[in-house]
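The structure under discussion appears below in the form of structure tokens.
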Amino acid sequence: MVSEVQDPSGDGKQRSVWLIAGESSGDLYGAGIAEAMRKSDPSLRIAGMGGVRMREAGVDILVDSSELGVIGVVEVLGSLFKFIRILFFLIRQARKERPEAVVLIDYPGFNIRFARLLWRSGIPVIWYISPQVWVWRKSNIPKYVRYCRKMIVIFPFEQEFWADTGMDAEFAGHPLLDIVRQRTDPALQRDPKRVLILPGSRKSEISRLLVPFMEAAAILKKQHPDWTFAVSAPREKTYRDLEDILADHVRRHPDSDWPEVELTCRKTAYWMQIASAAFAASGTVTVESAIAGLPLTVAYRLNPGTFLLARLIIRKLYRGFFTMVNIILNRCAFEEFLQFQVTPEALADSLEKIMPGGSRRETVLRDMEDLRAALKSGSGSALERAARIILETAGLAGNSRS
């Protein structure tokens, strides 16, 4: 149960802000925001839904986000009861505590429904990390405008998009700028002969991309026998999926020319500082890599039905690009390959150009510098800026000690 704690403010209620995160990335960002808000106002109560990182940051976890399991698309009928139970538990607690604001961190399938309940209860809603309604489900835009008092965005073009809808939106900078900086070890140096392979986190991604990435690695190994390769998994389940696919390939193709790879788990930040270039599935990892200064060759494969829709969206809305780095810069910084373009030969040729001494290496390094500049919003920390916006919107800036 949520408990009220008396404070010396005289109104008998401790000031509080809730953070709601349903995924591991949201848990990470929520922890950073909680720490920044606590620095600003040590007396502030911070509660909500999250995971280990938010708990370690001092957030009172009312619901462990791991309980949501696979929920991301609420139409998954097997998870619907759990989804509803958690949703209504949280709104009951919010109505009792009545926090100054509830910050919804990404996770739109769950959070848009929670936003509606909060709005109907008169509890201010702040959304952190814009849902990509500028691509999918534009019909939901009026809901966000109605339910949310503030939209805090992490990409510069999103502020203008939301402003055109009437939403009060503010660009805070990308939180990965803070996170990559914190993880960076100045003692590490890049290995000019090391290639990293980042085939994604979901099994569907891995099953479509690991094979062409490994076949491209085989081509490069023949051309550069002293090059070495590492495959990085973001979590244990992904690691097991990668192990299974690699082992299955060896069983079926005992004479395979795939090079030996170092398969690791939860060491992506390390490898991003060690490798000189990487193959990567399209996704957040492309932005993280660019911030870390790691040039990429990006690929993605979809099932045929989804691909037809995705191609139309890319042509009309994404300026012809599907990699976020290229969309932000409005140019091809990271060469990208979609669907039938994903061939071992094309991938190998592209990556060779961005390795040390390659024809595109210096251009890509400059592009990544431009991206880092574009993702900043003024000086200082993006997470601290987001925390300040939250406190101001919640009417708590006057309690700040910084």
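The numbers here are math on the coordinates, done by the rules we state, and not lab data. Note that the structure is a prediction, hence the values are computed from the model and not measured. A quick note on method: Cβ atoms are made from the backbone with ideal geometry, for glycine too, and the neighbour counts reach across all protein chains shown.
Cut-off is 10 Å between beta-carbons; in what order do Y270, Y300 appear when sorted fewest neighbours first? Don't skip to the end; give the middle numbers.
Numbers: Y270 15, Y300 22.
Fewest-to-most ranking of Y270, Y300: Y270, Y300.
So what's the stretch 184-374 giving for Cα Rg divided by 2.2 N^0.38 Å, two decimals?
Here the answer is 0.98, to two decimals.
Once amide H atoms are built 1.01 Å from N in the peptide plane, which residues 5 or more positions from F229, or in another chain, come under 5 Å H to H?
It is V195, E262, by chain and number.
Taking only DSSP H segments of four or more residues, each worth -39500 (n - 2.57), what value at 222 nm results for the chain once the sum is divided by all its residues, to the nearest 500 deg cm²/dmol?
Working: 16 runs with 188 residues, N = 402.
About -14500 deg cm²/dmol.
Arrange the following residues from fewest to most other Cβ atoms within 10 Å of their Cβ: S25, S66.
On the way: S25 17, S66 12.
If I rank by nearby Cβ atoms, fewest first, I get S66, S25.
So how many Å³ per residue does the convex hull of the Cα atoms of the chain work out to? Present the calculation step by step, with values, prior to reporting the outcome.
Details: hull volume 59.9 nm³, N = 402.
Taking only Cα atoms, the chain has a hull volume of 149 Å³ per residue.
Cross-link partners among lysines for K221, C-alpha distance below 17 Å, same-chain residues fewer than 8 apart left out?
Partners found: K193, K353.
Out of residues 5 or more away from A277 or on other chains, whose amide H comes under 5 Å of its own, with H placed 1.01 Å from N in the peptide plane?
Residues meeting the amide H criterion: L196.
Per q in 0.22, 0.24 Å⁻¹, report the Debye log10 I(q)/I(0) for the stretch 86-136, using one uniform scatterer on each alpha carbon and no solvent.
Relative scattering, expressed as log10 I(q)/I(0), comes to -0.77, -0.89.
What's the FRET efficiency of E369 with R55 using the Cβ-Cβ distance as r and R₀ = 35 Å, to the nearest 0.05?
On the way: r = 36 Å, r/R0 = 1.03.
Taking R0 as 35 Å, the efficiency between E369 and R55 is 0.45.
Please go through the residue pairs K13/K39; K13/K376; K96/K237 and name each one whose alpha carbons sit more than 32 Å apart in this structure. All intermediate terms of the calculation are to be shown ahead of the outcome.
Numbers: K13/K39 20 Å; K13/K376 36 Å; K96/K237 38 Å.
Correct reply: K13/K376; K96/K237.
Please list, in order along the stretch 53-58, the HN-Hα scalar couplings obtained from phi with the Karplus expression 6.51 cos²θ - 1.76 cosθ + 1.60 (θ = phi - 60°), rounded to whole Hz, x for Gly and Pro.
5, 5, 4, 5, 7, x
Placing +1 at every Lys and Arg Cβ and -1 at every Asp and Glu Cβ, with all other atoms neutral, what dipole size does the chain have around its Cα centre, in debye to the nearest 20? Each step should come with its number before you reach the end.
Numbers: 54 positive and 47 negative charges, 229 e Å.
Dipole size: approximately 1100 debye.
Can you sort F340, F171, F322 by how many other beta carbons sit within 10 Å, fewest first?
Numbers: F340 8, F171 24, F322 18.
Going from sparsest to densest Cβ surroundings: F340, F322, F171.
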